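Engineer: Take this structure first; my questions come after.
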Amino acid sequence: MAVKELKFAGLSLDDLRNFPEEARRVAGFELRAVQNGLEPRDWKPVRSIGSGVREIRIHVLGEWRIVYVANLADAIYVLHAFQKKSQKTNKNDIELARKRFREIGGKL
């Protein structure tokens, strides 16, 4: 199986680069697994953002999230990367990921 290209929507790459080094390392490992057609170690679907959207959960030096979609034919799209600071995901983070999902042609 070929490795799928990784594309970053909006400023998601900059957001990911702002993770602490250890969390960034884990994020890279998890995204590489997804590129190779594998499942991340800790993830959940995020249907409120769109069909096929998932969230990688990273528990290193706090709580970090990477929202992505992998079921599009051409690439894996990272929609948003952020630090989660409370039990419930911030509404602004959900709206931003939803907006970027629509921009890449995703369907709710």
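Engineer: Measure off, as a whole percent, the carbon and sulfur share of the 1.4 Å-probe accessible area of the stretch 17-102, all protein chains present. Before the final figure, lay out the partial values.
Structural biologist: Numbers: 2280 of 4810 Å².
Answer for the stretch 17-102 is 48 percent, counting heavy atoms of protein chains only.
Engineer: Could you work out how far apart the two model spin labels at Glu63 and Lys4 are, taking each label as a point 7 Å from the Cα in the direction of the beta carbon, and quote it in nm?
Structural biologist: 2.6 nm
Engineer: Which value in nm describes the separation of the simple spin-label points at Arg17 and Ile94, placed 7 Å from the Cα toward the beta carbon?
Structural biologist: Placing both labels 7 Å along Cα→Cβ, they lie 3.0 nm apart.
Engineer: Next question. In nm, give the distance between the simple-model label positions of Leu72 and Phe29, each being 7 Å from the Cα along the Cα-to-Cβ direction.
Structural biologist: For Leu72 paired with Phe29, the spin-label model returns 2.8 nm.
Engineer: Over its Cα atoms, what ratio of radius of gyration to 2.2 N^0.38 Å does the chain give? Present the calculation step by step, with values, prior to reporting the outcome.
Structural biologist: On the way: Rg = 12.7 Å, N = 108, 2.2 N^0.38 = 13.0 Å.
In units of the globular-protein estimate, the chain measures up at 0.97.
Engineer: How much accessible area does His59 have with a 1.4 Å probe, in Å² rounded to the nearest 10?
Structural biologist: Spelled out: His59, probe radius 1.4 Å, area about 100 Å².
Engineer: Could you give me the ³J(HN,Hα) list for the stretch 79-91, computed from phi with Karplus coefficients 6.51, -1.76, 1.60 and θ = phi - 60°, whole Hz, x at Gly and Pro?
Structural biologist: Listing the rounded values in order: 8, 6, 9, 7, 8, 8, 10, 8, 4, 8, 5, 4, 4 Hz.
Engineer: Sticking with this one: Rounded to the nearest whole Å², what accessible area per residue is found for the chain with the 1.4 Å probe? Don't skip to the answer; put the middle values down first.
Structural biologist: On the way: 6370 Å² over 108 residues.
In whole numbers, the chain has 59 Å² accessible per residue.
Engineer: Have a look at Ala75, Ala97, Ser48 and report the one farthest towards the positive end of the charge dipole of the chain, computed about the Cα centre with Cβ charges (Lys/Arg +1, Asp/Glu -1).
Structural biologist: Positive-most Cα among the choices belongs to Ser48.
Engineer: Related question: What is the Cα centroid distance between the stretch 43-58 and the stretch 11-30, reported in whole angstrom?
Structural biologist: Value for the Cα centre distance between the two parts: 17 Å.
The values are calculated or read from the model by the stated rules, or taken from the named source; none is laboratory data. No experiment lies behind these values; they were computed from the predicted model shown. Positions of Cβ are generated from backbone atoms using ideal geometry, with glycine treated the same way; all protein chains shown enter the neighbour counts. What goes into the accessible areas is simple: the full protein's heavy atoms, side chains included, and nothing from ligands, DNA or RNA. Shrake-Rupley method; radii C 1.70, N 1.55, O 1.52, S 1.80 Å.
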